[in-house]
1. Identify the single condition in (1) more than 16 Å from ligand 2 (Cβ to nearest atom); (2) farther than 19 Å from Ser15 by Cβ; (3) touching a strand residue (DSSP E or B) at 6+ places or on another chain (Cβ under 8 Å) that Leu109 does not satisfy, given that it satisfies every other one.
2. Could you tell me which of the residues Asp67, Asp76, Asp26 is without any contact (Cβ under 8 Å) to a residue 24 or more places away in the chain, under 30 Å from Lys132 (Cα atoms), out of contact with any helix residue (DSSP H, G or I) (no Cβ under 7 Å at 6 or more places or on another chain) and not in a strand (DSSP E or B)?
3. Looking for something in contact with a strand residue (DSSP E or B) (Cβ under 8 Å, 6 or more places away or on another chain) and within 30 Å of Gly133 (Cα to Cα) - is there at least one such residue anywhere in the stretch 7-21?
4. Note down all Cβ pairs under 9 Å where the first residue falls in the stretch 149-160 and is part of a helix (DSSP H, G or I), the second is modelled with pLDDT of 65 or more and open to solvent by less than 90 Å² (accessible area, probe 1.4 Å), and they're at least six residues apart or on different chains.
5. Quick check, is Gly56 within 30 Å of Asn143 (Cα to Cα) and either touching a Ser or Thr at 6+ places or on another chain (Cβ under 8 Å) or open to solvent by 50 Å² or more (accessible area, probe 1.4 Å) (or both)?
6. Filter the stretch 1-33 down to the residues that are of a type in the set (Gly, Ala, Ser) and more than 30 Å from Cys66 (Cα to Cα) and list them by number.
7. Please find, within the stretch 123-145, the residue that is farthest from ligand 2 (Cβ to nearest atom) out of those that are open to solvent by 70 Å² or more (accessible area, probe 1.4 Å) and closer than 28 Å to Val58 by Cβ.
Amino acid sequence: MLLGLSQIIDRPGESVSFSTSVDLSDLQYGTSFPVSEPVLASGVVRNTAGVLVMTGSVKTCLHGVCDRCAADFTRDVDIPIDVVLVTELANEENEDEWVFHLEADSADLDDIVRTVFVLNVDSKMLCKPDCKGLCCRCGKNLNDGPCSCQKELDFAALKQLLDK
Ligand SMILES: [Zn+2]
Ligand SMILES: [Zn+2]
């Protein structure tokens with residue numbers, strides 16, 4: 001969706017609000033496509049002393065497969081949008097990913113939402129940030145509790161110490 005901004009470009013203090021839904025179901029993480037639900041973006045573009053600042057949020061629910069423990073999971077994501085929109089292509093040099101160019105006085109919301117999403121969602125899909133993964137010996141999901149290998153290892157280490 002293109003968001004027309006011609007009515008606020010030359011008017012400091014003015015703002016335009018937006019709300020859109022973007023399809024990012026083609027985004028692949030590992031072997032899965034976790035963005036199966038529509039991505040909802042909403043917020044406002046404000047002309048702040050001549051600079052167009054876009055703030056808002058990007059929300060969706062991920063349906064992923066954990067890279068570490070291979071479990072299916074669903075997780076809500078809520079990413080803040082805080083970007084600057086510029087009209088002219090003049091200062092290419094100090095350009096970074098949080099600056100987007102307007103085309104014909106319009107902001108390309110699909111492009112902005114996709115970029116904000118990709119840059120904020122970790123390329124590693126984990127069911128939770130501290131996922132313990134699977135035991136490399138017995139394959140047990142260590143999020144469900146320790147497996148017996150761990151005890152065996154501890155016992156072996158202890159025995160080694162005692163034998164010395
Ligand atoms: Zn996991
Ligand atoms: Zn184990």
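1. All conditions are met except number (2).
2. Working: Asp67 fails: without any contact (Cβ under 8 Å) to a residue 24 or more places away in the chain; Asp76 fails: not in a strand (DSSP E or B).
Result of the check over Asp67, Asp76, Asp26: Asp26.
3. No; the residues of the stretch 7-21 include none that is in contact with a strand residue (DSSP E or B) (Cβ under 8 Å, 6 or more places away or on another chain) and within 30 Å of Gly133 (Cα to Cα).
4. Close Cβ pairs satisfying both conditions: Cys149/Cys135; Cys149/Cys138; Cys149/Lys140; Gln150/Cys135; Gln150/Leu142.
5. no
6. Gly4, Ser6, Gly13, Ser15, Ser17, Ser19
7. Here the residue is Ser123.
Matching residues to (1) touching a Pro at 6+ places or on another chain (Cβ under 7 Å); (2) of a type outside the set (Asp, Glu); (3) modelled with pLDDT of 90 or more; (4) open to solvent by 40 Å² or more (accessible area, probe 1.4 Å):
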site: Cys66; (1), (2), (3), (4): no, yes, yes, no
site: Cys69; (1), (2), (3), (4): no, yes, yes, no
site: Glu93; (1), (2), (3), (4): no, no, no, yes
site: Trp98; (1), (2), (3), (4): no, yes, no, yes
site: Asp110; (1), (2), (3), (4): no, no, yes, yes
site: Val121; (1), (2), (3), (4): no, yes, yes, no
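The values are calculated or read from the model by the stated rules, or taken from the named source; none is laboratory data. Being a predicted model, the structure only gives us computed values, none of them experimental. So basically every Cβ, Gly included, is an ideal-geometry build from the backbone, and we count neighbours across all protein chains shown. Just so you know, the surface numbers come from the protein's heavy atoms only, side chains and all, with ligands and any DNA or RNA stripped out. Shrake-Rupley method; radii C 1.70, N 1.55, O 1.52, S 1.80 Å.
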